[in-house]
Structures are given as C-alpha cells and as structure tokens.
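Asker: I'd like to ask some things about the structure below.
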Amino acid sequence: MAADNARADLPVAVDTTGGDRGIDVQLEGAVLAFKEFGIRSVLVGPEEELRSRLSLIAGSDTPLDIVHASQTIGMEDSPTRAVRRKPDSSLCVAYNLVESGRASSIISAGNSGAMMAAGRIICGLLPGIERPAIATLLPVAGNHSPNVLLDCGANVDCHASNLVQFAIMGSIYCNSLLGIERPKVALLSNGSEPSKGTDVIRSAAATLSAIRSVNYIGYVEGRDIPTNMANVIVCDGFVGNVVLKTAEGCVRLIFEQLLADGKRNLLGKLGLYLSKRTYRKVFLEKFDYTAHGGAPLLGLRKLALVLHGSSDARAVKNAIRVADGFSKSGMTDRIAQELTQFDETLMSGGDDLSVEVLDKRNIFQNGKTRNPVLLDLKREGVRDDEEEMDAAHEAPSKR
C-alpha cells in the first residue's frame, strides 16, 4: 500500500524536445494537465529555455519541476546509436527519472524507435519479452468499446514469436483497460482464409491456435478493424503504422468533404448548423487521437507512452492524464503478473502447444528456439536485438 501511495504522488516525466511542434506545446499541455486534473509533471529539456518559456506561458506559480538535459534525439537519428551517444538527451534523462523512482512514467512525442531503444536499455523489458509494442485504441461504431491495435510502429520486422507475445500482451491490456473478459484476438492479414498471410503470420496463427488462454479467433482484414469482430488486432509495426496513418487520413477526408458539401448552399449550411453537436461528438471525441493522448509501449518494465509526432497541447495534456491513470492502476505490474502466470501455465503443459507447433520455451526465452519454423525465418535474414531495432526504424520512426 505504501508503494502504491508513493507511486500515486510521483509526477509524469515529459520529454519536451522530441515533438514536431516544439517545446511550447509540451509546456502548454503540462500546464493544462495540472490546472484541469491536478497532475504534476517534471519537464525534461534545456533548463534555461524551459524556465523562460514556462514563465511566459503559465507565470511563476505553476509547481512544475524542470530537469536539465543538454541533448536532443531527432526523428532522423538512428535509435540505438542515438541513445548510446546522447546519454544527456531529454528522452534518456526522462527515462532515468522513471527508472530511479523520481517519476511514475514518461511521455514523448519524439522518435518512437529511440523511445523503444531507450526504454529497453535504461529500464529493461518484462521477463521473457523480446520486443515492446505500441498499443493504440481505435474507435468502433456505436457504443462498443474501442479495439486495441498493436504494434503501431515500434517494430517493422517481426518474428512469429513477437506477434504471439503482442497478442498475449494486447489481450491482458484490453482486459485491464476495458474490462473485457477473454478479449477476442485476431491477426491482421490479407484475407480470412488460413492459407492467407506471410509465413510469419501463418506461423504465429498456428501457435496462437494452440494457446487456450488466449481467445484467438483467426484472421481479420483491414475493413474489419473498426468493427466488433475482434477486440485485439495484432500486426507488425510497419503495417500497424500504415493502418493508423491511413485511418487518420480517412477521418480528415470525410470531415473536410462534409464541410465542403455543407457550405455549398443555404440548406447545407443549415444542416451543418443543426448537426454541429453530433459532428463535434464524432470528430472531436470519438475519432480525434488527441482525446486519448498517447499509446503505451507494452512490454517495458516501466510505463511509457508514445505520442503522435505532431501532437498538440490537448494531446500532451491527455497523455499526462492517461499516464497518471495507468500508473495509479498498476497496469504494468498487472501485465507482468499475468505474463508470469501465463508462462507458468505454458511450462506446466496447460496449453496445447507441441514441439511441432512451437517449442514451449520459445515464446518467453528471448527468441532462443529449437522450432524449425522460426529457425528458418531467422535464417531468412530477420535480425535481432539492437541491430534489428535500428533497421526497424530506417522506415517511419514517428507514430
């Protein structure tokens, strides 16, 4: 209980130099989070500039702490190399605050590859987890709970075992956050037939089909993502990032087209005026990513939220709110406990896995497998560890 109370009093560490919109947006979001929710933040970045900007934005009476960091990791930087070569970057300093117990969590709108690399190097991964994954909530029509999509950009190249771990963590996260018992888990593929998908997807499907503790339902297609067909949708970070950005573009297209058509004549303008409240509820509450703030990087020992690179002050404010809520609920601890229980069930033979499907110990032993399917996949050139993390982010590094 004392540990929980101590954690509840800790501020959220904000990487102020990572986002596309500059430092002011991060400061404005932190100030709003304190004024609206009473949540404290510790701002990490160039101290002199932060104090100067903060005094202009909020005056001198806002109790936000500032920790100096002299370096910045940019979007163009190679993730692992940047983390090792820039130990005094705002991202690394913020992670060290969390690791040392001076902050409850970290939020950053910067390079998501560096976010993953720094979390892995400074804080470490949960026992047995090979890679963390970005888990994003996507809206579903009607009053249904949102769906969880992961990975949304942390890992471009994935092994089958990574997708299996994502599915397990996503299922636990969905149950913890949304209260859904035995969430329906699916792999994103190019068709619903078992023969569809890549070798990696088919191998992951064979494994998940044999795990009774995961409610695996098979494949879903892109058009099924915003439906209640599945609660957790699993894919690699390249596909997930494309899905996320495409969804954002589609929402923007629909909104702008409605406005354009509505402004053409008097009847259309009247329709827009009468529908104003509905449009606001749909586009500003249900479809707007800034309402959720950020997405957790599941699999780390500590709590980290990844923000969209172009996040505004509203997104930063809500990310601080979400991070504080996750911290107080002990979400990371619960995922660790659930993973341990799952591993024990797996090791005791409580699931239907056989050596022909996947060696039991492969899923939670950092990729050291005797399984011929995964060994073949690794021989095809999928890289591991730090080299793989860097290669994975030569592609999009912003969420």
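Asker: Could you tell me the center-to-center distance, by alpha carbons, between the range 157-209 and the range 37-82 in angstrom?
Answerer: 37 Å
Asker: So, R0 is 30 Å and r is the distance between the beta-carbons of Glu256 and Lys35; what FRET efficiency does that work out to, to 0.05?
Answerer: So the FRET efficiency works out to roughly 0.40.
Asker: Normalised by the number of residues in the range 270-339, what is the relative contact order in percent for Cα pairs under 8 Å and 6+ residues apart?
Answerer: On the way: 60 pairs, mean separation 19.2, N = 70.
Relative contact order comes out at 27 percent.
Asker: While we're here: For the residue pair Thr340 and Arg81, what label-to-label distance in nm results when each label sits 7 Å from Cα along the Cα-to-beta-carbon direction?
Answerer: Inter-label distance under the simple model: 3.9 nm.
Asker: A further question follows. Tell me whether the range 14-136 comes out rounded, prolate or oblate; compute the Cα gyration tensor, take square roots of the eigenvalues as a ≥ b ≥ c, and use a/c under 1.5 as the rounded threshold. Write out the running numbers ahead of the final one.
Answerer: Details: a/c = 1.99, a/b = 1.59, b/c = 1.26.
Prolate shape, in that a/c is at least 1.5 and a/b is the bigger ratio.
Asker: Just report the Cα centroid separation between the range 213-253 and the range 105-143, whole Å.
Answerer: A separation of 17 Å, based on Cα centres.
Asker: On average, how much accessible surface per residue is there in the range 124-166, in Å², for a 1.4 Å probe, leaving out ligands, DNA and RNA? Don't jump to the answer; show the numbers that get you there.
Answerer: Details: 940 Å² over 43 residues.
Accessible surface, normalised per residue, equals 22 Å².
Asker: In terms of the Cα gyration tensor, with a ≥ b ≥ c the square roots of its eigenvalues, is the range 222-264 rounded because a/c is under 1.5, prolate because a/b exceeds b/c, or oblate? Please report the intermediate quantities before stating the final value.
Answerer: Details: a/c = 5.39, a/b = 2.13, b/c = 2.52.
Cα axes put the range 222-264 in the oblate bin.
Asker: Taking +1 at the Cβ of each Lys and Arg and -1 at the Cβ of each Asp and Glu, which of Ser100, Ser52, Phe34 sits farthest along the dipole of the range 1-134 towards its positive end, judged by Cα position relative to the Cα centre?
Answerer: The residue sitting farthest along the positive end of the dipole is Ser100.
Asker: Going down the table (Lys196/Lys302; Lys245/Lys317; Lys245/Lys302), which pairs top 25 Å between alpha carbons?
Answerer: Working: Lys196/Lys302 36 Å; Lys245/Lys317 22 Å; Lys245/Lys302 27 Å.
The pairs that break the limit, which is 25 Å between Cα atoms, are Lys196/Lys302; Lys245/Lys302.
Asker: Under a point spin-label approximation (7 Å from Cα along Cα-to-Cβ), what is the Glu99-Asn265 distance to one decimal in nm?
Answerer: Computed distance between label sites Glu99 and Asn265 equals 6.5 nm.
Asker: Label the range 145-303 by shape, choosing from rounded, prolate and oblate, from the square roots a ≥ b ≥ c of the eigenvalues of the Cα gyration tensor; if a/c is under 1.5 it is rounded, and otherwise prolate applies when a/b is larger than b/c, oblate when it is not.
Answerer: Working: a/c = 2.44, a/b = 2.05, b/c = 1.19.
Prolate is the answer for the range 145-303, as a/c is 1.5 or above and a/b outweighs b/c.
Asker: Among 329-339, 259-269, how do they line up from the highest to the lowest mean number of other beta-carbon atoms within 10 Å? Could the numbers behind the result be given before it?
Answerer: Numbers: 329-339: 17.1, 259-269: 11.2.
Ranking the peptides 329-339, 259-269 by packing returns 329-339, 259-269.
Asker: Okay, moving on. Using label points projected 7 Å from each Cα along Cα→Cβ, tell me how many nm separate Phe283 and Ser213, to one decimal.
Answerer: 4.6 nm
The values are calculated or read from the model by the stated rules, or taken from the named source; none is laboratory data. If you're wondering where the values come from, they're calculated on a predicted model, not measured in any experiment. All Cβ positions, glycine included, derive from the backbone under ideal geometry; neighbour counts span all protein chains shown. All accessible areas refer to the heavy atoms of the entire protein, side chains included, with ligands and DNA or RNA removed. Shrake-Rupley method; radii C 1.70, N 1.55, O 1.52, S 1.80 Å.
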